[in-house]
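The values are calculated or read from the model by the stated rules, or taken from the named source; none is laboratory data. Since the model is a prediction, treat every value here as computed from it, not as a measurement. Here Cβ is always computed from backbone atoms with ideal geometry, including for glycine, and neighbour counts include all displayed protein chains. The area values use the complete protein model at the heavy-atom level, side chains included, leaving out ligands, DNA and RNA. Shrake-Rupley method; radii C 1.70, N 1.55, O 1.52, S 1.80 Å.
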Amino acid sequence: PHPAQIQDVKAAIRFVKAHAEEYRLDPTKVAVWGGSAGGHLAALAGTSPNVPELTDRSLGNPDVDESVQAVVAWYAPIWLERSAQEKVQLNQLVDELQAGEPTKLYQLLGCTKEGFPEAARKFSPATYLTRDCPPFLLQHGTEDPLVPYLESVEFDKALTMMIGEDNVTLDLIHGAKHGGTPFQSLDNIKRITDWLKQVLHIE
């Protein structure tokens with residue numbers, strides 16, 4: 001159950017930074033990138049570094065800062081509590097939720113129906129926005145049947161208000177669904193790596 005997933009991600013970030021010299025990496029230029037649930041975790045890692053409730057430093061390298069310098073999030077669920085309540089996320093889970101039955105979502109959050117709103121809030125990347133958030137690149141398909149593209153649109157607005165429009169890029173990919181070729185094409189991968197080079201100041 002949450003927060004085990006984000007704790008693992010942050011442990012990996014600390015490991016990379018702690019072993020940067022060994023692997024000939026620059027610990028000041030770390031980016032995270034994921035799609036769907038992975039996009040959610042990438043976004044959460046970007047907005048919540050060093051938040052005690054989302055960190056298990058017993059997993060290794062406890063003294064290492066776990067902030068990242070860039071985030072790429074593909075079609076990521078961001079506003080988990082509101083999304084579920086408005087039936088704009090996975091329909092099966094939401095139907096079960098409204099029926100008051102045990103769900104995989106409850107299991108993921110480690111909560112009951114009564115505790116769901118607060119647990120979902122703590123699992124949502126938007127909860128932890130600060131002016132210290134790194135640059136974000138958000139990409140979402142306009143025909144996504146699982147995570148509506150408005151998730152990314154509204155996150156773009158919230159991020160822009162917090163860290164400025166120069167630090168947030170939103171690509172709405174017309175007609176794209178939940179993943180697939182539009183995201184994985186060589187042209188799009190080049191766009192992303194070019195963006196990463198720019199925000200990380202890599203020659």
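From the list LEU150, LEU200, which residue is of a type outside the set (Phe, Trp, Tyr) and farther than 25 Å from THR28 by Cα? Write out each step before concluding.
Numbers: LEU200 fails: farther than 25 Å from THR28 by Cα.
Selected residue: LEU150, the only one of LEU150, LEU200 that is of a type outside the set (Phe, Trp, Tyr) and farther than 25 Å from THR28 by Cα.
Hey, could you check region 5-27 for residues that are out of contact with any strand residue (DSSP E or B) (no Cβ under 9 Å at 6 or more places or on another chain), open to solvent by less than 40 Å² (accessible area, probe 1.4 Å) and among the hydrophobic types (A, V, I, L, M, F, W, C) and say which is nearest to SER67 (Cα to Cα)?
The extreme case among them is ALA11.
Under 7 Å between Cβ atoms, at least 6 apart or on separate chains: pull out the pairs that start in region 148-173 with a residue that is within 16 Å of TRP79 (Cα to Cα) and end on any residue that is part of a helix (DSSP H, G or I).
Matching pairs, first to second residue: GLU151/SER83; PHE155/ALA126; ALA158/ALA126.
Among (1) at pLDDT 95 or above; (2) in contact with a strand residue (DSSP E or B) (Cβ under 8 Å, 6 or more places away or on another chain); (3) open to solvent by less than 50 Å² (accessible area, probe 1.4 Å), where does TRP33 come up short?
Checking TRP33 against (1) at pLDDT 95 or above; (2) in contact with a strand residue (DSSP E or B) (Cβ under 8 Å, 6 or more places away or on another chain); (3) open to solvent by less than 50 Å² (accessible area, probe 1.4 Å), the one that fails is (3).
From GLU154, GLU203, grab the single residue that is under 17 Å from the mean Cα position of the chain (by Cα), surrounded by fewer than 16 Cβ atoms within 10 Å (Cβ to Cβ) and modelled with pLDDT under 95.
Working: GLU203 fails: under 17 Å from the mean Cα position of the chain (by Cα).
Answer to the check: GLU154.
Is there a residue in region 70-82 that is surrounded by fewer than 20 Cβ atoms within 10 Å (Cβ to Cβ), modelled with pLDDT under 95 and not in a helix (DSSP H, G or I)?
No, the conditions are met nowhere in region 70-82.
Can you report the number of residues in region 158-196 which are of a type in the set (A, V, I, L, M) and open to solvent by 40 Å² or more (accessible area, probe 1.4 Å)?
Kept after step one, since they are of a type in the set (A, V, I, L, M), are these residues of region 158-196: 158-159, 161-163, 168, 170, 172-173, 176, 186, 189, 192, 196.
This time we only want the ones that are open to solvent by 40 Å² or more (accessible area, probe 1.4 Å), so: 161-162, 170, 172, 186, 189.
Total meeting the criteria: 6.
Taking region 117-151 as the search range and keeping residues that are farther than 24 Å from VAL9 by Cα and among the charged types (D, E, K, R), which one is least open to solvent (accessible area, probe 1.4 Å)? Don't jump to the end; show me each part of the working.
Within region 117-151, the subset farther than 24 Å from VAL9 by Cα is 141-145, 148-150.
This time we only want the ones that are among the charged types (D, E, K, R), so: 143-144.
Working: GLU143: 98, ASP144: 18 Å².
The extreme case among them is ASP144.
Considering only region 14-29, state which residues are in a loop (DSSP other than H, G, I, E, B), of a type in the set (A, V, I, L, M) and farther than 18 Å from LEU196 by Cα.
Filtering region 14-29 for residues in a loop (DSSP other than H, G, I, E, B) gives 19-29.
Going one step further and asking which of them are of a type in the set (A, V, I, L, M), we end up with 20, 25.
Across region 14-29, the qualifying residue is only ALA20.
Note down all Cβ pairs under 7 Å where the first residue falls in region 21-41 and is farther than 30 Å from GLU151 by Cβ, the second is among the small types (Gly, Ala, Ser), and they're at least six residues apart or on different chains.
ASP26/ALA20; PRO27/ALA20
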